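Shown next, in structure tokens, is the structure this report addresses.
The values are calculated or read from the model by the stated rules, or taken from the named source; none is laboratory data. In this text, all values refer to a predicted model and were calculated from it rather than measured experimentally. Every residue, glycine as well, gets a Cβ built from its backbone with ideal geometry; the counts of neighbours run over all protein chains shown. These accessible areas exclude ligands, DNA and RNA; they are computed on the full protein's heavy atoms, side chains included. Shrake-Rupley method; radii C 1.70, N 1.55, O 1.52, S 1.80 Å.
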Amino acid sequence: MIPPHGESLAAFERIAALANVVKLSDEDAHWLFPGRSNSQVAEHVLSLGPDLVVITRGALGAILTSTDTSITVPPVTTIVADTIGAGDSYMAALIFSILSAPEAGYGAQSLERIGAVAAAAAAITVSRSGANPPFLAELEEALIQQRPTGSSLTPSLPH
């Protein structure tokens, strides 16, 4: 059902060139660009035109790369009940977080917030059976609970 590699790569690059944000898994990245590291893939995809490239790595967290910076966002530790819906929840929270504060840009602090929100949403989803994404109140509560002890910084959602 998947076209040959060359056709798939060409289609991906055409579409990525039109996008502002590109999210792919590490498995997607390694299939599309064999032999390249995640950071090399992110830099290449950025060179096509997007402002932000996100590579999710499952239990290893995600790498968020913009033209300004690249950061690694760790996963949220949780007991996994079902992985169905994790990627969709991550992507939905990523988009929601970006659209909630478009003026924030893609500097390190903004990427940390965006990544934390997306990671929290995915963690909530995998902690229960079925593709059951979090409600906004659940996501906000998870972000408060993730705040490091003694820190006043919370990767909050704009209202």
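Out of all the residues in the stretch 76-106, which are farther than 19 Å from Leu60 by Cα and under 15 Å from the mean Cα position of the chain (by Cα)?
Scanning the stretch 76-106 gives Ala92, Ile95, Phe96, Ser97, Ile98, Leu99, Tyr106.
Only one of these conditions is not met by Ile144: (1) under 14 Å from Ile84 (Cβ atoms); (2) open to solvent by 70 Å² or more (accessible area, probe 1.4 Å). Which number is it?
Single failed check for Ile144: (1).
Filtering the stretch 69-93 down to residues that are assigned to a loop (DSSP other than H, G, I, E, B) and touching a Gly at 6+ places or on another chain (Cβ under 8 Å), which residue is surrounded by the fewest Cβ atoms within 10 Å (Cβ to Cβ)?
Per the criteria, the residue is Pro74.
Can you tell me which residue within the stretch 32-43, out of those that are open to solvent by less than 50 Å² (accessible area, probe 1.4 Å) and out of contact with any Leu (no Cβ under 6 Å at 6 or more places or on another chain), is farthest from Ala108 (Cα to Cα)?
So the residue we want is Phe33.
Being assigned to a helix (DSSP H, G or I) and either within 14 Å of the chain's Cα centre (by Cα) or surrounded by 17 or more Cβ atoms within 10 Å (Cβ to Cβ) (or both) narrows it down to one residue among Ala11, Ala17, Ala29; which is it?
Ala29
Looking at the structure I just gave you, is Ser47 closer than 27 Å to Trp31 by Cα, without any contact (Cβ under 8 Å) to a residue 12 or more places away in the chain and out of contact with any Pro (no Cβ under 6 Å at 6 or more places or on another chain)?
yes
Could you go through the stretch 61-68 and let me know if any residue there is in contact (Cβ under 8 Å) with a residue 40 or more places away in the chain, among the polar types (S, T, N, Q), open to solvent by less than 40 Å² (accessible area, probe 1.4 Å) and within 13 Å of Ile114 (Cβ to Cβ).
Checked against the condition, which is being in contact (Cβ under 8 Å) with a residue 40 or more places away in the chain, among the polar types (S, T, N, Q), open to solvent by less than 40 Å² (accessible area, probe 1.4 Å) and within 13 Å of Ile114 (Cβ to Cβ), the stretch 61-68 yields at least one hit.
Within the stretch 53-62, does at least one residue satisfy the condition of being among the polar types (S, T, N, Q) and in a strand (DSSP E or B)?
Yes.
In the stretch 116-141, which residue that is surrounded by fewer than 21 Cβ atoms within 10 Å (Cβ to Cβ) and hydroxyl-bearing (Ser, Thr, Tyr) is nearest to the chain's Cα centre (by Cα)?
Within the stretch 116-141, the match that is nearest to the chain's Cα centre (by Cα) is Ser127.
Filter the stretch 103-115 down to the residues that are hydrophobic (A, V, I, L, M, F, W, C) and buried (at least 23 other Cβ atoms within 10 Å of the Cβ), then identify the one that is nearest to Asp82 (Cα to Cα).
By that ranking, first place goes to Ile114.
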